[in-house]
Amino acid sequence: MTTRPGGILILSAIAVVSAAVLAYEVLLIRLFAIVQWHHFAYMAISIALLGFGASGTFLFLAQGWLRRRFTVAFVVNAAAFGFSGIAAFALAQRLPFNALEVMWEPRQLLFLLVLYLLFTVPFFAGGNCIGLAFAHFGTHIGRIYAFNLGGSGLGALGLIGLLHLATPEESLRLIAGLGLAAAGLAALSADRHRHVAAAVLAAAAVLVPLATPSSWTALRLSPYKGLSMALAVPGAKVLSQSSGPLGLLTLVDNAKIPIRHTPGLSLNASVGPPPQLGVYTDGDGMMAITAFSGDFAPLAYLDFTTSALPYHLLQAPDVLVLGAGAGGDVLQALYHRAATVDAVELNPNIVRLVAETHGAFSGSLYALPGVRVHVAEARAFVAASAATWNLIQIPLLDSLAVAAAGVHGVSESYIYTVEAFEEYLRHLRPGGYLAITRWLKLPPRDSLKLFATAIEALARAGVAAPERRIALIRGWNTATLLVRNGDLGPIERAAIRAFSEARSFDLAHLPGMAPSEANRANLLRQAFFHQAATALAGPERGDFLARYKFDIRPSTDDRPYFFDFFRWHSLPEFLALRLQSGTALIEWGYPILFATLVQAGLLSLLLILLPLLLRREKAAGDKQQWRVMTYFLCLGLAFMFVEIAFIQRFVLFLGHPLYAVAVALAGFLAFAGLGSGFASRFRRHIGNGPLSDLGPIWAAVIAIATIAICYTTLLPMLLAGWIALPESIRILLSLCLIAPLGFFMGMPFPLGLERVSARLPGLVPWAWGVSGCFSVIGVLVATLLAIHLGFTAVVAIAAVLYLFAGALFHTPLTGEQ
């Protein structure tokens with residue numbers, strides 16, 4: 001196969017279609033983030049694996065007919081991937097699916113099911129190409145697997161480069177063309193009419209990206225996203241859009257009804273903002289570019305927000321703004337006569353929009369004296385800096401609508417972890433402040449979780465009475481937490497009281513405050529915030545955290561789900577209040593993920609396991625079949641557990657979920673491909689060496705478990721030490737860390753499949769299907785386990801699954817010696 005030109009062409013076609021499929025998978029993460037929200041990344045991965053698993057079932061049922069027509073079947077499926085990739089997205093865009101309605105609108109579950117089935121088609125076609133190659137070339141499984149995984153890894157990384165040059169819609173069309181190119185390569189290996197077929201497919205590969213109507217791939221955002229709501233206002237119009245791997249930026253103006261973006265503005269404020277332009281990232285998380293002419297008088301409104309509090313406690317401070325965005329908090333610092341402002345922003349396109357594209361409108365904000373702009377990830381910047389500041393300000397980083405809906409519940413956020421707070425506090429000067437502003441929710445959630453995190457971080461730093469360093473105030477829609485490097489003395493406490501009283505803000509926590517000082521201006525039925533803060537600051541903190549309606553335990557780098565407030569024991573109570581808007585109390589991110597798991601599991605059983613159970617190979621015996629199934633079940637779960645844990649670990653290290661997904665997928669797949677290609681030699685080496693009693697599979701899984709367990713201890717320290725390095729170096733180091741683990745993770749599948757192919761060949765598609773099925777479930781289960789137990793526990797469970805799989809195949813299958 002590998003020495004003939006036809007064999008080389010087939011291997012090349014396998015690599016190209018594998019690259020296209022993985023690029024499509026990662027692109028879906030971007031597309032889902034734009035039209036829905038980031039947490040749909042896991043749905044994209046599970047859809048891909050569901051398609052692969054279903055293809056295993058199809059091949060099992062029709063393998064005899066397809067193997068006799070291998071080239072034709074490969075060409076048809078590669079071309080089907082290209083065409084269906086665009087068609088599935090175009091149809092899905094016209095589906096009235098809304099993630100926020102899943103729990104109260106039964107129709108949305110049906111739409112979610114249809115969404116799954118639509119996107120399963122291109123992955124089903126791509127999976128057919130790979131699975132058919134496994135079945136047809138049974139003696140070359142290791143080499144095929146190597147080209148499959150190597151191509152997949154290149155596709156995942158290549159998409160990041162593509163998104164720097166093309167929009168997501170253009171990238172979708174180009175990936176479809178790549179699938180058709182793979183079909184053309186395979187057609188060249190045919191015995192008859194190969195040149196004609198290849199020419200037709202090559203032409204299609206060029207024409208599809210160019211000729212596909214733009215309306216087919218145009219993005220249709222959820223009506224609940226901020227951009228959709230803004231454009232529904234009369235007079236609103238889009239001024240510009242710019243795209244990159246870190247987000248789709250949309251600039252909006254409204255000539256009829258001026259944009260007013262003033263989070264936390266006091267009801268006492270008599271002035272509003274000057275003209276503003278709205279900036280949306282992936283259709284949400286609105287920021288505003290505020291008109292500035294050099295005159296600070298029109299910016300007086302910035303003194304009437306809760307986030308202005310620290311400026312009334314400091315004189316000419318040096319300020320660090322983490323998440324500067326469109327510059328609102330930089331303007332606030334300059335209005336309050338900050339000496340210097342270090343503005344950190346991850347997305348260079350936002351900085352370019354404020355500083356260059358609309359520099360005249362913003363008054364060249366980022367070029368003003370004393371302002372220094374840093375394009376960097378917030379945690380990485382702080383960790384790398386030797387500087388200290390009087391004030392570290394973390395502004396609102398999301399929209400009120402998204403915060404209220406709770407759709408970020410399964411999204412990682414390393415900005416608000418205990419370890420992050422410890423890092424911030426180390427960079428405060430004596431008497432300096434950490435100030436964090438969040439949207440106000442009722443019942444209280446975000447602000448209380450911040451309060452609990454601050455208490456924990458100070459306690460870890462050895463502060464005996466952490467509550468004496470914290471203040472918490474609230475307005476009608478925002479709350480601001482202050483953490484001082486030192487106790488809040490009488491002068492500071494008096495200034496906080498005066499600031500709050502003048503602006504009708506409420507004290508939620510202040511050292512020495514009386515209960516009667518709480519809940520005076522923005523009246524609630526009870527002083528909920530003060531009561532909760534008092535409990536969190538006292539000896540009953542553990543009991544309060546355990547019995548509270550929402551999960552407000554501090555998040556950590558091992559469990560960085562700050563926005564996960566969901567608790568199962570509260571769900572019946574909230575659902576019982578449905579008619580009284582009880583559903584508004586539910587944090588939707590977690591239930592949506594759980595509903596996705598249930599649907600993926602049912603679909604997996606229907607499309608993968610049930611047909612295989614009905615047509616399993618009778619001659620093999622039940623015991624052998626269940627051994628094979630359990631072995632590949634464990635591999636499917638364990639591989640995804642490790643992969644998902646690393647993706648989530650690398651979100652902090654690489655600075656963005658898309659980078660983490662692309663690098664982790666590319667690394668694991670590429671190095672697993674190398675391990676797969678080496679598997680046959682590894683088997684011979686083990687058989688003739690001192691480890692012959694172990695066997696190659698057992699030796700491989702022991703290596704995987706050992707490396708994985710070592711990484712649970714070493715990885716946090718290594719990543720923390722390297723987080724300040726340049727982005728390209730961090731990507732290279734990530735790949736180096738993945739290399740040894742991925743290399744050995746690539747061996748158990750081909751080694752096991754070769755044994756099944758040699759003794760029980762009819763079970764090869766069964767094994768492929770089972771692995772795909774439990775990979776689908778593994779993606780979602782890994783995320784749920786990480787939310788509850790942390791990444792370390794997920795990796796430990798994966799190590800146990802690998803060892804169990806090794807034990808299952810440690811003894812011979814039927815007919816093996």
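The values are calculated or read from the model by the stated rules, or taken from the named source; none is laboratory data. Worth saying up front: this structure is predicted, and the values here are computed from it rather than measured. Here Cβ is always computed from backbone atoms with ideal geometry, including for glycine, and neighbour counts include all displayed protein chains. Protein only, heavy atoms only, side chains kept; ligands, DNA and RNA dropped before computing areas. Shrake-Rupley method; radii C 1.70, N 1.55, O 1.52, S 1.80 Å.
Restricting attention to the range 372-394, report how many residues are under 22 Å from H336 (Cβ atoms), surrounded by fewer than 17 Cβ atoms within 10 Å (Cβ to Cβ) and among the small types (G, A, S).
1
Taking V233, is it outside the structural domain of A92 (by TED's automatic domain parsing), aliphatic (A, V, I, L, M), closer than 19 Å to G323 by Cα and in contact (Cβ under 8 Å) with a residue 12 or more places away in the chain? It would help to see each step written out before you state the result.
Numbers: outside the structural domain of A92 (by TED's automatic domain parsing): yes; aliphatic (A, V, I, L, M): yes; closer than 19 Å to G323 by Cα: no; in contact (Cβ under 8 Å) with a residue 12 or more places away in the chain: yes.
Spelling it out, it is not the case that V233 is outside the structural domain of A92 (by TED's automatic domain parsing), aliphatic (A, V, I, L, M), closer than 19 Å to G323 by Cα and in contact (Cβ under 8 Å) with a residue 12 or more places away in the chain.
Return the total of residues in the range 520-544 being open to solvent by less than 30 Å² (accessible area, probe 1.4 Å) and either touching a helix residue (DSSP H, G or I) at 6+ places or on another chain (Cβ under 7 Å) or of a type in the set (F, W, Y) (or both).
Counting residues in the range 520-544 that are open to solvent by less than 30 Å² (accessible area, probe 1.4 Å) and either touching a helix residue (DSSP H, G or I) at 6+ places or on another chain (Cβ under 7 Å) or of a type in the set (F, W, Y) (or both) gives 9.
Scan the range 448-465 for residues that are of a type outside the set (V, I, T) and open to solvent by 10 Å² or more (accessible area, probe 1.4 Å) and jot them down.
E456, A459, R460, A461, G462, A464, A465, listed by residue number.
If only one of A720, A724, A705 is in the same structural domain as G677 (by TED's automatic domain parsing), among the small types (G, A, S) and either at positive phi or at pLDDT 85 or above (or both), which one is it?
Every option except A705 fails the conditions.
I'd like to check something: does the range 739-757 contain any residue that is buried (at least 16 other Cβ atoms within 10 Å of the Cβ), at pLDDT below 80 and more than 22 Å from the chain's Cα centre (by Cα)?
Looking through the range 739-757, at least one residue is buried (at least 16 other Cβ atoms within 10 Å of the Cβ), at pLDDT below 80 and more than 22 Å from the chain's Cα centre (by Cα).
For residues that are part of a helix (DSSP H, G or I) and either at pLDDT 95 or above or among the basic types (K, R) (or both), tally how many sit in the range 424-447.
Step one: list which residues in the range 424-447 are part of a helix (DSSP H, G or I), which gives 424-426, 446-447.
Next cut, either at pLDDT 95 or above or among the basic types (K, R) (or both) only: 424-426.
Total meeting the criteria: 3.
Among all residue pairs at least 6 apart or on different chains, which show Cβ distances below 8 Å where the first residue, located in the range 410-423, is within 10 Å of A378 (Cβ to Cβ) and the second is assigned to a loop (DSSP other than H, G, I, E, B) and open to solvent by less than 10 Å² (accessible area, probe 1.4 Å)?
Y414/P560; I415/F562
Cβ-Cβ below 6 Å, separation at least six or inter-chain, first residue in the range 804-817 and among the charged types (D, E, K, R), second open to solvent by 50 Å² or more (accessible area, probe 1.4 Å) and at pLDDT below 80: which pairs?
So the pair list comes out as E816/R759.
Going through the range 230-271 one residue at a time, which ones are touching a strand residue (DSSP E or B) at 6+ places or on another chain (Cβ under 8 Å), closer than 30 Å to D506 by Cβ and assigned to a loop (DSSP other than H, G, I, E, B)?
Hits for the range 230-271 are P258, I259, R260, H261, T262, P263, G264, S266.
Return a yes/no flag: does the range 291-302 have any residue that is farther than 30 Å from A218 by Cα, of a type outside the set (F, W, Y), open to solvent by less than 20 Å² (accessible area, probe 1.4 Å) and modelled with pLDDT of 90 or more.
yes
So, P443, is that one surrounded by fewer than 23 Cβ atoms within 10 Å (Cβ to Cβ) and under 26 Å from D318 (Cβ atoms) or not?
no
If I filter the range 645-657 for residues that are of a type in the set (V, I, T), under 30 Å from H374 (Cβ atoms) and modelled with pLDDT of 80 or more, do I get at least one hit?
yes
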